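A short worksheet on the structure shown next.
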Amino acid sequence: QVQLVESGGGLVQAGGSLRLSCAASASIFDGNVMAWYRQAPEKQRELVATISSGGSTNYADSVKGRFTISRDNAKNTVYLQMNSLKLEDTAVYYCRPRYFGSWGQGTQVTVSS
């Protein structure tokens with residue numbers, strides 16, 4: 001039973017944009033704070049952004065002003081709009097409820113110079 005499916009990653013030049021999507025099962029999406037995380041090669045997974053069921057958002061300092069998290073509660077989907085991408089944004093991006101759950105397969109984002 002698939003609960004999380006991330007998509008939208010790819011290869012982009014520095015300064016470019018990507019929009020990630022995460023389709024979730026209603027059982028883990030409804031009413032829960034959702035989050036995007038990322039893991040760069042040889043680094044620990046880090047929290048990138050969170051969004052409550054009511055739309056309140058928080059961001060890591062490293063992405064503040066460049067990334068925007070949003071959600072469509074009717075579609076059980078959370079998004080991450082990434083603008084002004086930097087080389088250091090290269091990572092596998094995962095979504096998941098903020099406080100519980102298993103990891104999906106993630107989506108690779110590669111930023112080139």
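The values are calculated or read from the model by the stated rules, or taken from the named source; none is laboratory data. Just so you know, these numbers come straight off a predicted model, no measurement behind them. Cβ sites come from the backbone with ideal geometry, for glycine too, and all protein chains shown count toward neighbours. SASA here: full protein model, heavy atoms, side chains in, ligands and nucleic acids out. Shrake-Rupley method; radii C 1.70, N 1.55, O 1.52, S 1.80 Å.
Among the residues of region 20-44, which ones are assigned to a strand (DSSP E or B) and of a type in the set (K, R)? Within region 20-44, just R38 meets the criteria. For region 50-62, residues that are in contact with a strand residue (DSSP E or B) (Cβ under 6 Å, 6 or more places away or on another chain) and either loosely packed, with under 14 Cβ neighbours inside 10 Å or farther than 17 Å from T90 by Cβ (or both) total 5. Can you tell me which residue is nearest to P97 (Cα to Cα) among those in region 1-19 that are assigned to a strand (DSSP E or B) and among the aliphatic types (A, V, I, L, M)? Here the answer is L4. Total residues in region 78-103 satisfying the condition of being open to solvent by less than 20 Å² (accessible area, probe 1.4 Å) and more than 15 Å from V33 (Cβ to Cβ): the figure is 5. Within region 104-113, the set of residues being in a strand (DSSP E or B) and surrounded by 18 or more Cβ atoms within 10 Å (Cβ to Cβ) comprises T107, V109, V111. Filtered by the rule that a residue be hydrophobic (A, V, I, L, M, F, W, C) and crowded, with 19+ Cβ neighbours inside 10 Å, region 67-77 gives F67, I69.
S25 is checked against (1) within 14 Å of the chain's Cα centre (by Cα); (2) open to solvent by 20 Å² or more (accessible area, probe 1.4 Å); (3) in contact (Cβ under 8 Å) with a residue 40 or more places away in the chain and fails just one. What number does that condition carry? Exception for S25: condition (1).
Kindly indicate whether Q1 is modelled with pLDDT under 95 and not acidic (D, E). Spelling it out, Q1 is indeed modelled with pLDDT under 95 and not acidic (D, E).
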